[in-house]
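Participant: Starting off with a structure, shown below.
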Amino acid sequence: MILIVDMNYRKDSVGYYEFVLPIASSIKDLEEYTIRHYSELSRTDIDRYSRIILSGNALEDKQVLTQIEDFAWVGTCEKPVLGICAGMQAIGLIFGSPLKRCLEIGMTVIKVVKRNPLFFSSFKAYELHSYSIQPSEELDVLAESEKCPQAVKHKKKEIYGVLFHPEVRNREIIRRFMDL
Amino acid sequence: MRFAVLYSGGKDSMLALLKAAEKEEVICLISMISKNKESYMFHTPNIEITKLQARALELPLIRRLTEGKKEEELKDLREAIRRAEEKFKIEGVVTGAVESVYQAERIQKICHELRLWCFNPLWKKDQEELLEETMRKGLKVIISGVFAYPLDKSWLGKQIDKEMIGKLVALQQEYGISPSGEGGEIETTVLDAPLFKKRIEIMDFNVESDGNSGVFQIRKARLTEK
């Protein structure tokens, strides 16, 4: 069972349709999933799932970044995790990587800088963010745009973050995460 | 939060409005009237009907005329959104974008410049599902424009129902057209919806068509009791 974490400003928000449901539709034929808002998760809940996807949220939505303590479980999680956009920002903060201003909206060229199982060569992806992260030593940078890091992986765990939105364009990246 | 909906009078902007209204407060509508029939952003037949739809919804409508020249029309849209912010203190904008990264990117940029939230509640929604939801929610929608083979004038003015959805999906399989008109194959006009206090009755219309392209132009309409 997959857990999709809703990263929007509140449970049952209008952002759910745009940032959560397209992820669900990307994996619906592959495995059963549950959707939960980040504010209602406990460590015990996390252990019930085989892998976890953290959604993105709206450009103006900074709520989740002020409640980063809600993601302490990511630090000790041994399951595969994929953070998308705000999800990558949250993963970055948990592993000591501060946010770094980087505004990108629309289709952007992503250059792969480290071999990894999710993507293999340069590609174009849909972006909607005003911050990237400045990766700490715990994270490897897997891909970059001209402006900032676009994908990271924890050095010892199957924890990935992508700043772009693979649920909009490049859904195969989510499917490859499902195969890890 | 207080939202304005970018409202063209078709099924997508109406469905987006209904979804937004379930979660937040919809304060006003914004309609762009484009003189350019080729505009990727705004053009739609029967844009004038948005005046009646706004009255049916009992919501104020901000209308702005645009020449529809690429990128220039975005300045006009920005101005209309800015006016909604000034007049109705909106905090965000809702659109009916489903697949178009071109439209979504441009509207997101305008909202970001104005420090407004932006949501697309139909984003990446399966097109057959979108049509079915339109019906489930009780929208009365007619086809007001066709622009692709093998569609023709026989579709114009017809109401979208279960049978028509079946036909559109079959055309997708055979000819690759988008059943909900995402590629501009069809345009629609909403005549009734759950939040409408009254429904729209068409009094007079005109059909203009040429092969696989045509429009159902509403010339006269009125609000009547539901």
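Participant: Which is at the interface with chain B (Cβ under 10 Å from one of its Cβ atoms), part of a helix (DSSP H, G or I) and either at pLDDT 95 or above or over 19 Å from B:V101 (Cα atoms) (or both), of A:Y16, A:Y9?
Facilitator: Being at the interface with chain B (Cβ under 10 Å from one of its Cβ atoms), part of a helix (DSSP H, G or I) and either at pLDDT 95 or above or over 19 Å from B:V101 (Cα atoms) (or both) holds for just one of A:Y16, A:Y9, which is A:Y16.
Participant: In the range B:96-113, what residues are touching a helix residue (DSSP H, G or I) at 6+ places or on another chain (Cβ under 8 Å), facing chain A (nearest Cβ under 10 Å) and assigned to a loop (DSSP other than H, G, I, E, B)?
Facilitator: The one that is touching a helix residue (DSSP H, G or I) at 6+ places or on another chain (Cβ under 8 Å), facing chain A (nearest Cβ under 10 Å) and assigned to a loop (DSSP other than H, G, I, E, B): B:A97.
Participant: Being at pLDDT 95 or above, among the aliphatic types (A, V, I, L, M) and assigned to a loop (DSSP other than H, G, I, E, B) is the requirement here; does B:L59 meet it?
Facilitator: Spelling it out, B:L59 is indeed at pLDDT 95 or above, among the aliphatic types (A, V, I, L, M) and assigned to a loop (DSSP other than H, G, I, E, B).
Participant: Looking at B:G145, B:G183, can you tell me which residue is under 17 Å from the mean Cα position of the chain (by Cα), within 17 Å of B:G9 (Cβ to Cβ) and not assigned by TED's automatic domain parsing to the domain that holds B:T95? Before you say what the answer is, go through the steps one by one.
Facilitator: Working: B:G183 fails: within 17 Å of B:G9 (Cβ to Cβ).
Within the list B:G145, B:G183, the selection yields B:G145.
Participant: Anything in the range A:87-122 that is under 16 Å from A:K155 (Cβ atoms), touching a Gly at 6+ places or on another chain (Cβ under 8 Å) and small (G, A, S)? List them, or say none.
Facilitator: Hit for the range A:87-122 is A:G92, nothing else.
Participant: Return the pairs, sorted by first residue and then second, in which the second residue is assigned to a loop (DSSP other than H, G, I, E, B) and crowded, with 20+ Cβ neighbours inside 10 Å, the first residue lies in the range B:62-82 and is among the polar types (S, T, N, Q), the beta carbons are less than 8 Å apart, and the residues are 6+ apart or on different chains.
Facilitator: B:T66/B:F42
Participant: Among A:I159, A:I94, A:I105, which is within 16 Å of the chain's Cα centre (by Cα), farther than 19 Å from A:M178 by Cβ and at pLDDT 95 or above?
Facilitator: Going through A:I159, A:I94, A:I105 in turn, just one is within 16 Å of the chain's Cα centre (by Cα), farther than 19 Å from A:M178 by Cβ and at pLDDT 95 or above: A:I94.
Participant: I'm trying to understand the selection: among the residues of the range A:29-70, which are surrounded by 11 or more Cβ atoms within 10 Å (Cβ to Cβ), within 14 Å of chain B (Cβ to nearest Cβ) and not in a strand (DSSP E or B)?
Facilitator: Residues satisfying the conditions are A:S55, A:G56, A:N57, A:A58, A:L59, A:E60, A:D61, A:K62, A:Q63.
Participant: Kindly indicate which of B:S180, B:S213 is surrounded by fewer than 17 Cβ atoms within 10 Å (Cβ to Cβ) and in contact (Cβ under 8 Å) with a residue 60 or more places away in the chain.
Facilitator: Among B:S180, B:S213, only B:S213 is surrounded by fewer than 17 Cβ atoms within 10 Å (Cβ to Cβ) and in contact (Cβ under 8 Å) with a residue 60 or more places away in the chain.
Participant: Can I ask one more? Suppose we filter the range B:114-139 for residues that are crowded, with 18+ Cβ neighbours inside 10 Å, basic (K, R) and more than 10 Å from chain A (Cβ to nearest Cβ); how many remain?
Facilitator: Summing the residues that are crowded, with 18+ Cβ neighbours inside 10 Å, basic (K, R) and more than 10 Å from chain A (Cβ to nearest Cβ) in the range B:114-139 gives 0.
Participant: Would you mind finding the one in B:L57, B:L74, B:L65 that is surrounded by 19 or more Cβ atoms within 10 Å (Cβ to Cβ), outside the structural domain of B:F205 (by TED's automatic domain parsing) and either aliphatic (A, V, I, L, M) or in contact with a His (Cβ under 8 Å, 6 or more places away or on another chain) (or both)?
Facilitator: None of the other options fit; the residue is B:L57.
Participant: Go through the range A:100-152 residue by residue and tally those that are in a strand (DSSP E or B), more than 14 Å from chain B (Cβ to nearest Cβ) and of a type outside the set (G, A, S).
Facilitator: 15
The values are calculated or read from the model by the stated rules, or taken from the named source; none is laboratory data. Keep in mind that this is a model prediction, so the values were computed, not measured. When we count neighbours, we look across all protein chains shown, and the Cβ atoms used for this are built from the backbone with ideal geometry, even at glycine.
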